[in-house]
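What follows is a single structure, written as structure tokens, with notes after it.
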Amino acid sequence: MLDIEVPDGMGLFVLPHPRCLMDITGTAPIAIPGIVETHWWPRPFFLVFKAPSFRKTILFNYGDPIAQILVVPLGESYDIKEMQADLALSRNQRSLTLAKHPETFSDRTVHSDNGYPSFDNKYKVLSCLARTQGAAKVAKRLDTPSPGVSIETKSRTRQR
């Protein structure tokens with residue numbers, strides 16, 4: 001039992017933990033998504049899980065993650081507008097740059113022996129750059145790539 005109170009106008013958004021996506025045994029608990037408005041609900045917080053498949057048992061091991069909880073605003077409405085043409089064009093060009101020169105923006109690549117595509121960490125590297133130096137630095141970096149030159153770290157390759 002857990003009693004969590006959030007401020008008025010906020011709610012707890014419950015999501016399954018990502019580990020259930022990697023579970024091949026069918027035994028990982030899958031939390032049912034939903035919003036709990038704990039600012040007015042006086043009862044302890046509880047989770048609801050998807051029923052297991054026929055003749056399967058859900059395993060709850062002490063210490064294992066079972067769900068994600070996000071605090072979100074309630075009753076928000078958003079006005080979605082079409083992106084300006086010049087912004088859409090620059091985002092598309094940056095996307096093409098990432099696709100054409102992935103080694104320029106990543107510092108690690110994992111190759112699969114099973115014929116699957118390689119996977120790199122360009123998102124993680126650019127995310128770190130955005131958090132430390134700002135989104136404008138990422139935009140500048142994507143607008144002026146130097147193919148074949150890894151950014152700020154030596155390239156590492158690992159076989160899987």
Give me the lysines in straight-line cross-link reach of K100: C-alpha distance below 24 Å, same-chain residues under 8 apart excluded. K122, K124, K137, K140, K154
If I compute solvent accessible area with a 1.4 Å probe over the protein chains, what percent of it on the stretch 8-68 is carbon and sulfur? 64
Taking only C-alpha pairs under 8 Å that are 6+ residues apart, what is the relative contact order of the stretch 17-120 in percent? 21
At R0 = 25 Å the Cβ-Cβ FRET efficiency linking F49 and V71, nearest 0.05, sits at 0.75
Sort the following peptides by mean Cβ neighbour count (other Cβ atoms within 10 Å, averaged over residues), highest first: 33-43, 72-82. 33-43, 72-82
As I understand it, the value is the acute angle between the Cα axis of helix 122-133 and the longest principal axis of the Cα atoms of the chain; what does it come to in degrees, rounded to 10? 90
Around L87: net Lys/Arg minus Asp/Glu count, Cβ-Cβ under 12 Å: +1
Figure the gain on full extension for M83 and V110 (residue separation times 0.36 nm, minus the Cα-Cα span) and round it to one decimal in nm. 6.3 nm
Tell me which residues come under 5 Å, amide H to amide H, from H17 once H is placed; ignore anything under 5 positions away on its chain. A31, A67, Q68
Tabulate in residue order the Karplus-calculated ³J(HN,Hα) for the stretch 93-100, using 6.51 cos²θ - 1.76 cosθ + 1.60 with θ = phi - 60°, rounded to whole Hz; enter x for Gly and Pro. 5, 5, 5, 5, 4, 4, 6, 7
Taking 7 Å along the Cα-to-C-beta vector as the label spot, tell me the K124-R94 distance in nanometres, rounded to one decimal. 2.1
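The values are calculated or read from the model by the stated rules, or taken from the named source; none is laboratory data. Predicted model, so just to flag it, every value in this text is computed and none were measured. Cβ sites come from the backbone with ideal geometry, for glycine too, and all protein chains shown count toward neighbours. Quick note on the areas: whole protein, heavy atoms, side chains included, nothing else; ligands and nucleic acids left out. Shrake-Rupley method; radii C 1.70, N 1.55, O 1.52, S 1.80 Å.
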